[in-house]
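Data block below; observations after.
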There are 2 protein chains.
Amino acid sequence: MNMPTFRNWRSVQEEVRRRIHSRKWAPGDLIPNEADLAIEFGCARSTVNRALRSLADSGVLDRKRKAGTRVAAEPVAKATLDIAVIRHEVEEHGAKYGYLLIKRSQTTPPVSVSGAMKTRASEALLHVQALHLSDDTPYAVEDRWINTNVVPEAKLESFEKLSANEWLMKHAPYTHGDIGFSAVQATAEHAEMLNVSQGSALFAIDRLTWDSSASVTMVRLLFTPGYQLRTAL
Amino acid sequence: MNMPTFRNWRSVQEEVRRRIHSRKWAPGDLIPNEADLAIEFGCARSTVNRALRSLADSGVLDRKRKAGTRVAAEPVAKATLDIAVIRHEVEEHGAKYGYLLIKRSQTTPPVSVSGAMKTRASEALLHVQALHLSDDTPYAVEDRWINTNVVPEAKLESFEKLSANEWLMKHAPYTHGDIGFSAVQATAEHAEMLNVSQGSALFAIDRLTWDSSASVTMVRLLFTPGYQLRTAL
DNA sequence: AATGTTTTTATGTACGTACATAATAGCCTG
DNA sequence: CAGGCTATTATGTACGTACATAAAAACATT
């Protein structure tokens, strides 16, 4: 049958995708092993490996040693979101970015915060509230707590011109963290800051980052109604 | 100085992360080239390549041919969300999954739908509305349009027991798509279905998938208040 | 100084061999 | 037959060489 040869891992990947899409290899099916595919495709096993590994990363294939490679029965859609600095996000929309510091104080946080950040309840943290603007209209409110034990330099920064969002990126390295997305109703204060009616549905991003075992910062971003976070599948 | 040798790509990756974290290589800095690092680490260049490529994929490094590799100045946080089948999501919470078909009809969609799906405005599509339950309480409403030109078998499926969410996964392959996350206020109907008060903030996932140049399905999922989509960074 | 051409360089990838490792399947033993 | 040991097998990874390719840098030309 004289198959065309696939000389690079991308073409191998494409061919595998084609076979899955055409149902030649149906969801749940075991596909031939790397060595056999290498022979069939006329390339090295390492090339096949690269292609299949990449497909496994994106959730299309399930691979297990000895058990072999099979087409994912229920392809979990993996959506990779790029959470950029807000200024970039605004500027990419072709709008003018603006920033406004609302509040900056060193106080003891509510227990919900000290609990999540695993700081002592009596410990004062730096609390920064700010507004991000797009073409002079409110875009998002930022409500942030900074662990000044971990980032003492933050105490010297006013955050009047530069947002904590950006300052921390440069000055506070973190090892890991987590992020959550949800919908919340605008409180009276938030509604006023964003210039929307109270109770509006706001898109919320909550982020908590850690440096080893110590929390660095915890932030909630609330976006004006209409905001949508999107990505390709 | 006799550095320990790094014999595998993961340890190389860790060492690179350490150097970035310790600011030995600061954001924006150009780091040594692969060949030099290979000598320093006592491993093959391909091993260094694997480690650096992986870090570039996760946004920690920026690489460009000839220009070299530099530490990302503004590490765009890449959050990878796994969008599972709703039944799985519910069951993983340890709850009992339930499903309820609300409406199923073949009608001409509003122009907003035919426009997005690039079907002729006069073309009838299959409209399916359903409710997903967790321990017998509403969890999410699904509002879906299916392009029956692309998936004619859907016309034969009642969707009374099996959700369109799962049926399509098995029967309607797609080549690409996009997904968006937002916050919306509950309309009167949605509020009733989800048993929440009108105007509540609901988390929305909108998805549109394509098979080559034809749209397969467009769906909006609205989750009950309190829902949060989360992932590690 | 503006423009086009060539060289250089760092990353990107293919290949084939070798060995590591996880997980299954088969075997053995009490 | 249960329980544990062993062999088998498919993926995972390391290595070194070779060549491809993008992009910057250097150079030449007008």
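Note on the range A:72-204: Kirkwood radius taken over Cα pairs, Stokes-Einstein applied at 20 °C and 1.002 mPa s, translational D equal to 128 µm² s⁻¹. Each of the trypsin sites (Lys or Arg not before Pro) that DSSP puts in a loop and that has at most 14 other Cβ atoms within 10 Å breaks chain A; the longest unbroken stretch is A:162-233.
With 18 Å as the limit on Cα-Cα distance, the pairs of A:LYS118/A:LYS170; A:LYS24/A:LYS66; B:LYS103/B:LYS161; A:LYS103/A:LYS155; A:LYS118/A:LYS161 that go past it are A:LYS118/A:LYS170; A:LYS24/A:LYS66; A:LYS118/A:LYS161. Annotation: amide H-H contacts under 5 Å for A:TYR139 (H modelled 1.01 Å from N, sequence separation of 5 or more, or interchain): A:HIS132, A:LEU133, A:SER134.
With the cut-off at under 15 Å, measuring from each backbone N in the range B:92-113 to a point 7 Å along the Cα-to-Cβ line of B:ASP135 picks out B:92-98. For B:LYS64, a cut-off of 20 angstrom between C-alpha atoms picks up these lysines, skipping any fewer than 8 places away in its own chain: B:LYS78.
Helix A:45-57 axis versus longest C-alpha principal axis of chain A: approximately 40°, rounded to the nearest ten.
The calculated pair-distance distribution of chain B uses every alpha carbon pair, bins of 10 angstrom beginning at 0, and gives 7, 24, 22, 15, 17, 12, 2, 0 percent. Hydrodynamic radius of the range B:33-149 by the Kirkwood approach over all distinct alpha-carbon pairs: 19.3 Å.
Assuming a ≥ b ≥ c are the square roots of the Cα gyration tensor eigenvalues, decide whether the range A:9-71 counts as rounded (a/c under 1.5), prolate (otherwise, with a/b larger than b/c) or oblate. Don't skip to the end; give the middle numbers.
Working: a/c = 1.38, a/b = 1.18, b/c = 1.17.
Since a/c stays below 1.5, the shape of the range A:9-71 is classed as rounded.
Amide H contacts of A:THR80: B:LEU81, each under 5 Å away and 5 or more positions distant or on a separate chain (H built 1.01 Å from N in the peptide plane; Pro and chain starts excluded).
Residues of the range B:77-110 with an amide N closer than 16 Å to a point placed 7 Å from the Cα of B:LEU156 along the Cα-to-Cβ direction: none. For B:LYS155, the distances from its label point to the matching points in the remaining copies are 7.3 nm, ordered from shortest, with each point set 7 Å beyond Cα toward Cβ. Averaging sequence separations of C-alpha pairs under 8 Å and six or more residues apart, then dividing by the length of chain B, give the relative contact order as a whole percent. Normalised by residue count, the contact order of chain B is 15 percent. Annotation: amide H of A:ALA72 within the under-5 Å range of A:GLY28, A:LEU61, A:ASP62, sequence separation 5 or more or interchain, hydrogens built in the peptide plane. With the simple spin-label model, which puts each label point 7 Å out from Cα in the Cβ direction, the A:LYS103 to B:VAL111 separation comes to 4.6 nm. Stokes-Einstein at 37 °C, 0.692 mPa s, Kirkwood radius from Cα pairs: D for the range B:57-109 in µm² s⁻¹? For these conditions, the coefficient is 203 µm²/s. Here the Karplus curve 6.51 cos²θ - 1.76 cosθ + 1.60, taken at θ = phi - 60°, turns the phi angles of the range B:17-33 into couplings of 4, 4, 5, 6, 5, 7, 6, 4, 10, 7, x, x, 5, 8, 9, x, 6 Hz, with x standing for Gly and Pro. Placing dummy labels 7 Å off each Cα toward the beta-carbon, the span from B:GLN198 to B:LYS170 is 4.0 nm.
Residue by residue, the range B:91-100 carries 3J(HN,Hα) couplings of 5, 5, 7, x, 9, 8, 8, x, 9, 9 Hz when phi is fed to the Karplus relation 6.51 cos²θ - 1.76 cosθ + 1.60 (θ = phi - 60°); x denotes Gly or Pro. Here is how the number arises for chain A: DSSP H runs of 4 or more residues each give -39500 (n - 2.57), the sum is divided by the residue count, and the result at 222 nm is -7500 deg cm²/dmol.
Looking at the square roots a ≥ b ≥ c of the eigenvalues of the Cα gyration tensor of the protein assembly as shown, which shape do they give, rounded for a/c under 1.5, prolate if a/b is larger than b/c, or oblate? Write down the numbers at each step before the final one.
Numbers: a/c = 1.99, a/b = 1.06, b/c = 1.88.
It comes out oblate by the Cα gyration axes.
Remark: the range A:112-154 is approximated by an ellipsoid whose semi-axes, taken from the C-alpha gyration tensor as √(5λ), come to 27, 12, 6 Å, largest first. Of interest is the spacing of the C-alpha centroids, which for the range A:16-88 and the range A:169-233 amounts to 34 Å. The modelled label-to-label distance for the pair B:GLU14/B:LEU30, using points 7 Å beyond Cα in the direction of Cβ, is 3.1 nm. Rounded to the nearest whole Hz, the Karplus-based 3J(HN,Hα) values (6.51 cos²θ - 1.76 cosθ + 1.60, θ = phi - 60°) of the range A:201-206 follow the sequence 7, 10, 7, 10, 10, 10, with x at glycine and proline.
Taken together, the values in this text are just the output of simple stated rules run on the coordinates, not laboratory data. The structure displayed is predicted, hence computed values, not measured ones. Heads up, the Cβs are rebuilt from the backbone with ideal geometry, glycines too, and the neighbour counts pull from every protein chain shown.
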